[in-house]
Amino acid sequence: EGALLYEWQLDGDRVQVHARRAGADVKVFSAEHGEWTERNEEVGAALLGHLAGVEDCVLEAMLMKPPRTKPKAKSTLGDDQTKTLATEDVTGAAGTADGHDDDGPATEPWMTATTVAIFDVLVLNGRSLTRMPLRQRRAALQKVVREDACLKVVRSTEIAQGDVNANGVKAELGKALGAYHTSEPADKACARCSGLMLKRLDG
């Protein structure tokens, strides 16, 4: 009963982030590592300056690796052979692992840094939100998080009550699983999906 949220299930490291002083003081926790001190600095760098009106918060997030890239090999072949290789690049036999070419060193933040993809907020400015409906938590999350190259809110679609059916779920699942191959290079880090989460929005 009620509307559902179809949320991308990202293939990354699930963590809980405790941020204080607007992101200047960050601690990262995971089920496997406990307090994951090695990730504090990079997560803090992604959050700092991108939490509007937030003194402290507890966030649920996925840590996503940068898209895999490799520099294009320089060719010493003749013109005809070079043209053949260029054709192979287009069809995916050469070039980067995610289907786009990298002509030089990585210069954009998303090429080298971890992307923090947030999907829930549990505490905001000292107030627990865990007993609130997901719809209200999502609204609070979207209000305070300012997305950046390495900070995203996990992508999702709301489905109204009565519109949920097997064919619709299959269609959304297909979009999620194929998102990595259709996304722009800057969005690929947050498009590596392993499935689809169906979450009740109200109640």
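Values in this text are rule-based calculations from the coordinates and carry no lab data. Quantities reported herein were computed from a predicted structural model and do not represent experimental measurements. Glycine also receives a Cβ, built like all others from the backbone with ideal geometry; neighbour counts cover every protein chain displayed.
Numbers at a glance
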item	result
Net charge of Cβ neighbours under 10 Å - reference H33; Lys, Arg +1; Asp, Glu -1	-3
Farthest toward positive dipole pole in segment 1-57 [+1 Lys/Arg, -1 Asp/Glu at C-beta], among V26, G12, G53	G53
Relative contact order %, segment 131-203, counting alpha carbon pairs below 8 Å whose residues are six or more apart	38 percent
Vicinal HN-Hα couplings computed from phi for segment 54-65 (Karplus, 6.51 cos²θ - 1.76 cosθ + 1.60; Hz; Gly/Pro x)	10, 8, 8, 6, 10, 10, 9, 8, 10, 9, 10, 5
